[in-house]
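Please treat every number below as a calculation from the coordinates, not as lab data. Worth saying up front: this structure is predicted, and the values here are computed from it rather than measured. Cβ placement follows ideal geometry from the backbone for every residue including glycine, while neighbour counts extend to all protein chains displayed.
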Amino acid sequence: MLENCKDCSHIRTVIIDKQETYNVKGTDITITARVKKCEICNAELFDMNLDTENLKTAYREYKKNHHLMQSEEIVALRKKFHLTQSMLALLVGCTQATIARYEKGSIQSETHNTALTLFKNPDNIREALEMKKAEFNPSEYRVLSECLAAEKSTLDSKSINLLESSYSYSPNVYSGFKKFDIEKLKAVVLFFALNQIDLYKTKLMKLLWYADMLFFKNNVTSITGMKYIHQKYGPVPYKYSLCLSIMEDLGVIELQDQEYGDVILPKSDKSLLDKLSASELEVLKLVSNRFLCAKAKDISEQSHKERGYQKTELSLVVIVRQTSLLRTNAVFQMVLESLHCQPLQGKSTEQVMQRL
Ligand SMILES: [Zn+2]
């Protein structure tokens, strides 16, 4: 690089890495700075561009330490939802110039950072947009609403893909001879959320198991096609937590934090229930009424007595090998074996229920 050194008037300079400490908002931040030096006399030479770059690096480090969003994350967030700087400013409650400064590397206030972080969740943008609808011009409002709706449907299909890939097995004895059917699962979960009082996660697990087992006893096929795992406290749907959080993402249910844990409440409208056949609904009503007043603990004790549960071995929560998967999910097989000695087909659901 050609530049006159003020000290020795040579013209050969180099850029070197050097540890430098900057004071950012009262905090000392040490970074590896890039500094220009004279190659001959070693004097440091001021360079505006390098200085700006180093300050940006120090700011980045400060933001990292204080868990603040980086400027490119703010830009990415804005672009993701096709927001202009002024639209984002309206949502955050600041000026367009402020957003522009943040995007260039300035450090945002804690309050603005909280707002920006919340907007990573499109539900929060939707809420803020409705609150500030009057401040948006109608076409911007419409474009953003459409964008959020599209985002929601992409998210939904991602959730569905994730769940379906977890349950992407061919129908066999472990899944009650049924391919996993997310629409049925949504309907069954909503049904119980609508019909139970204080439905806790543990109780829902048991109700799902009973519904699938009972339907299987009558029809040699289950309703949802889920696999169940034998665990210490009774049978549990395979990947139950994932399943439940996806039901929440898809707006089927919502979880409400209460004294004894999260209570499951219905969220989507009842049209989901149209996916259920009359015989499936009959089974769900029976199971729901049978256990209406039962606590999860009672059902858990009851489920321990069931043949499909007793005949299988205790499994680990995490299934490592395929062989253990085969051994531990054989609850349907056990039900099937019990059918061979005591055929239940042809009997009414009421009669089958009495056997439970
Ligand atoms: Zn020099």
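One table, with the values for the structure above:
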{"read-out": "FRET efficiency estimate (nearest 0.05) - Cβ-Cβ, residue 277 to residue 147, R0 41 angstrom", "value": "0.60"}
{"read-out": "Full-stretch length increase - residue 156, residue 249 - with 0.36 nm per residue and alpha-carbon distance subtracted", "value": "32.8 nm"}
{"read-out": "Reachable aspartates and glutamates from residue 275, criterion Cα separation under 16 angstrom, eight or more residues apart if same chain", "value": "181, 183, 212"}
{"read-out": "19 Å Cα-Cα reach of residue 152 towards lysines, excluding residues that sit fewer than 8 places from it in its own chain", "value": "79, 80, 120, 186, 267"}
{"read-out": "Nearby aspartates and glutamates by direct alpha-carbon distance to residue 295 (threshold 19 angstrom, same-chain neighbours under 8 apart not counted)", "value": "198, 257, 259, 262, 306"}
{"read-out": "10 Å binning of all Cα-Cα separations within the range 13-65, expressed as whole percents from 0 upward", "value": "26, 49, 21, 4"}
{"read-out": "Cubic angstrom per residue, convex hull over Cα atoms of the range 91-149", "value": "90 Å³"}
{"read-out": "Two-site FRET efficiency, residue 9 against residue 201, from Cβ-Cβ distance with R₀ of 56 Å, rounded to 0.05", "value": "0.15"}
{"read-out": "Count, lysine Cα pairs under 25 Å in the range 13-65, 8 or more residues apart or across chains", "value": "11"}
{"read-out": "Loop chymotrypsin sites (Phe, Trp or Tyr not before Pro), the range 1-90, which have at most 11 other Cβ atoms in a 10 Å radius of their Cβ (DSSP)", "value": "46"}
{"read-out": "Of 201/239; 217/270; 104/132, pairs whose Cα-Cα distance is over 23 Å", "value": "217/270; 104/132"}
{"read-out": "Loop-located GluC sites (Glu not before Pro) in the range 180-289 whose Cβ has at most 10 other Cβ within 10 Å (DSSP)", "value": "259"}
{"read-out": "Difference of contour (0.36 nm per residue) and Cα-Cα distance, residue 221 to residue 16", "value": "66.7 nm"}
{"read-out": "Per-residue HN-Hα couplings for the range 33-45 [Karplus 6.51, -1.76, 1.60; θ = phi - 60°; Hz; x = Gly/Pro]", "value": "8, 9, 10, 8, 10, 7, 6, 8, 9, 6, 5, 7, 10"}
